[in-house]
Amino acid sequence: MKIVIGCDHGALELKETVKEVLKEFPEAEVQDMGTYTAESVDYPEIAEKVCKEIVNGSAEKGILLCGTGIGISMAANKIKGIRAALCSDVFSARMSREHNNANVLAMGGRVVGPGPASEIVRAWMTTEFSHGERHQRRIDKMMALENK
């Protein structure tokens, strides 16, 4: 499973923590889409790079990080086919996968510390979509909003 990860300057340290956690998953092939320095960068550009890989089928999942996680998740959700979930706790991470089949996890480097972020990533990576009829129906309705 290919996972793409990206961050802006506000979450550079958290990205390195997340990459270390992803090493716990041997099936995960991780591609780092930047940024690589503390120099200021615009998070919509990072969101677009990461999400493009998911939408075109080159990757299955993505992780996006910025200072709060808010801006980068909002930018990601503007891209057709993306279901980005901003999570700052384990329960939300699980539910984003189980009920919403989120294909992007977003977190804030200035909001979530390395310990909680590690647990959030583990929960998100190990939770499968429930495939329940009611959940799929809701996802279909949500994704149909992109065409309105």
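The values are calculated or read from the model by the stated rules, or taken from the named source; none is laboratory data. Since this is a predicted model, take the numbers as computed values, not measurements. Reconstructed Cβ throughout: ideal geometry from the backbone, glycine too, with neighbour counts over all protein chains shown.
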Exception for Pro26 within (1) without any contact (Cβ under 8 Å) to a residue 12 or more places away in the chain; (2) more than 30 Å from Gly132 (Cβ to Cβ); (3) in a loop (DSSP other than H, G, I, E, B) falls at (2)
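Name the one entry in Lys61, Lys78, Lys52 that is surrounded by fewer than 19 Cβ atoms within 10 Å (Cβ to Cβ), of a type in the set (D, E, K, R) and out of contact with any Ser or Thr (no Cβ under 9 Å at 6 or more places or on another chain).
Lys78
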In region 40-70, anything touching a strand residue (DSSP E or B) at 6+ places or on another chain (Cβ under 8 Å) and in a loop (DSSP other than H, G, I, E, B) is listed as Ser58, Ala59, Glu60, Gly67, Thr68, Gly69
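Going through Ser96, Ser92, Ser73 one at a time, which residue ends up being among the hydroxyl-bearing types (Ser, Thr, Tyr), assigned to a helix (DSSP H, G or I), closer than 25 Å to Glu39 by Cα and under 13 Å from the mean Cα position of the chain (by Cα)? Full working, then the answer.
Values: Ser96 fails: closer than 25 Å to Glu39 by Cα; Ser92 fails: closer than 25 Å to Glu39 by Cα.
Step by step, each of Ser96, Ser92, Ser73 is checked, and only Ser73 is among the hydroxyl-bearing types (Ser, Thr, Tyr), assigned to a helix (DSSP H, G or I), closer than 25 Å to Glu39 by Cα and under 13 Å from the mean Cα position of the chain (by Cα).
Assess whether Gly6 counts as being closer than 17 Å to Met125 by Cα and not in a helix (DSSP H, G or I).
When the stated conditions are applied, Gly6 passes them.
Looking only at region 127-148, count how many residues are among the acidic types (Asp, Glu), surrounded by fewer than 10 Cβ atoms within 10 Å (Cβ to Cβ) and outside any loop (DSSP other than H, G, I, E, B).
2
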Just one listed residue, out of Glu13, Glu48, is among the acidic types (Asp, Glu) and either under 13 Å from the mean Cα position of the chain (by Cα) or under 26 Å from Lys148 (Cβ atoms) (or both), and it is Glu48
When region 53-71 is checked residue by residue, the ones that are more than 14 Å from Ile82 (Cβ to Cβ) and among the β-branched types (Val, Ile, Thr) are Thr68, Ile70
Considering residues that are of a type outside the set (Val, Ile, Thr), modelled with pLDDT of 95 or more and over 18 Å from Glu60 (Cα atoms), the number found within region 108-140 is 10
